[in-house]
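All remarks here apply to the structure that follows.
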Amino acid sequence: YTGNGVTHDTTLGSEGFRLAAEHGYAPAQSDLGWMYANGEGVTQDYAEALKWFRRAAEQGNPKGLSNLAAMYANGEGVTQDYTKALEWFRRAAEQNFANAQYNLGSMYYNGNGVPQNCSEAFKWYRRAAEQGNIHAQYNLGSMYYNGEGVTQDLVKAAEWYRQSAEQGFAQAQYNLAAMYGKGEGVPQDYIVAHTFLDLAAAKGHKDAEETRDKLAEKMTADQIAEAQRRARAWKPKKWEELKGQLGRTR
């Protein structure tokens with residue numbers, strides 16, 4: 001389970017965050033907690049992180065709520081407690097905080113602190129995915145692909161894998177490539193498949209290089225060259241560029 005990062009400002013170090021946090025400013029309390037949790041600008045100290053996340057959470061700060069939940073879920077600075085993690089993630093998720101929605105979905109999917117419920121997991125993954133969370137988008141794609149918590153729909157699976165893949169998530173790139181290679185939910189296209197396998201391999205995906213090389217055996221030299229050209233030219237997109245493209249296929 002993941003927490004959320006702090007937006008860095010070189011004019012405001014740990015002491016600046018501490019001053020604001022001690023005066024009760026909830027966003028600074030959450031950011032200071034993040035610094036302690038990750039050892040950024042201070043010595044890593046889970047107990048201190050927990051303290052500051054809790055103070056932010058008690059004021060209803062969504063990042064503080066989500067980060068406190070992650071500490072309970074992971075057993076960092078506190079005894080692992082999925083029930084408390086679920087409670088804190090839910091409070092943040094209900095404020096439309098995407099990272100908490102993704103984590104809450106994962107708790108329902110895995111049955112941590114709550115009976116496993118794929119339909120509920122799908123609901124929360126979708127809310128996070130619609131805000132651009134790449135992990136939620138990937139999981140949503142997988143749920144559509146496998147028919148978990150929703151009717152199987154390979155077209156929608158490809159759409160959601162694409163949203164995540166275009167933002168640079170290697171596993172989504174790999175899965176989308178597989179769908180293009182087989183023509184599942186999208187027209188079969190070896191060039192597009194090879195391109196996404198190139199991208200996933202460049203990010204260190206353990207199976208992408210071997211899968212790409214096997215696919216290349218079915219392709220002409222010109223097709224491979226075009227796929228490599230596209231991979232070199234590719235740049236990750238921001239969610240703002242992608243969210244109007246749902247339903248499109250390339």
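The values are calculated or read from the model by the stated rules, or taken from the named source; none is laboratory data. Note that this is a predicted model, so its numbers are computed, not measured. Positions of Cβ are backbone-derived with ideal geometry, glycine not excepted, and every protein chain shown enters the neighbour counts. For the accessible areas, the whole protein counts, side chains as well, though only heavy atoms, and no ligand, DNA or RNA atoms are used. Shrake-Rupley method; radii C 1.70, N 1.55, O 1.52, S 1.80 Å.
Observations, loosely collected:
- For the stretch 57-69, the criterion of being closer than 14 Å to Gly33 by Cβ, open to solvent by 60 Å² or more (accessible area, probe 1.4 Å), of a type outside the set (Ser, Thr, Tyr) and modelled with pLDDT of 95 or more is satisfied by at least one residue.
- Boolean, Asn99 is under 19 Å from Ala49 (Cβ atoms) and within 15 Å of the chain's Cα centre (by Cα): yes
- Some residue of the stretch 162-169 being over 12 Å from the mean Cα position of the chain (by Cα) and within 19 Å of Cys118 (Cα to Cα): no
- For the stretch 190-209, the set of residues classified as surrounded by fewer than 17 Cβ atoms within 10 Å (Cβ to Cβ) and not aliphatic (A, V, I, L, M) consists of Lys203, Gly204, Lys206, Asp207, Glu209, listed by residue number.
- In the stretch 210-230, the residues that are touching a residue at least 12 places away in the same chain (Cβ under 8 Å) and either surrounded by fewer than 17 Cβ atoms within 10 Å (Cβ to Cβ) or closer than 10 Å to Ile191 by Cα (or both): Leu215, Ala216, Lys218, Met219, Gln223, Ile224, Glu226, Ala227, Gln228, Arg230
- Of the residues making up the stretch 129-161, those that are surrounded by 19 or more Cβ atoms within 10 Å (Cβ to Cβ) and either without any contact (Cβ under 8 Å) to a residue 24 or more places away in the chain or in contact with a strand residue (DSSP E or B) (Cβ under 9 Å, 6 or more places away or on another chain) (or both) are Leu140, Tyr144.
- Test: residue in the stretch 33-51 that is in contact with a helix residue (DSSP H, G or I) (Cβ under 7 Å, 6 or more places away or on another chain), among the basic types (Lys, Arg) and either modelled with pLDDT under 95 or in a helix (DSSP H, G or I) (or both): no
- Residues satisfying the stated conditions in the stretch 85-105, i.e. farther than 22 Å from Glu240 by Cα and either among the hydrophobic types (A, V, I, L, M, F, W, C) or open to solvent by 10 Å² or more (accessible area, probe 1.4 Å) (or both): Ala85, Leu86, Glu87, Trp88, Phe89, Arg90, Arg91, Ala92, Glu94, Leu104
- Test for Arg212: is it under 27 Å from Ala92 (Cβ atoms) and among the charged types (D, E, K, R): no
- Condition check for Tyr190: under 21 Å from Leu140 (Cβ atoms) and not β-branched (Val, Ile, Thr): no
- Whenever a residue of the stretch 89-104 is at negative phi, its partners that are open to solvent by 20 Å² or more (accessible area, probe 1.4 Å) and among the hydroxyl-bearing types (Ser, Thr, Tyr), lying with C-beta atoms within less than 6 angstrom and at least six residues away or across chains, give the pairs Asn103/Tyr1.
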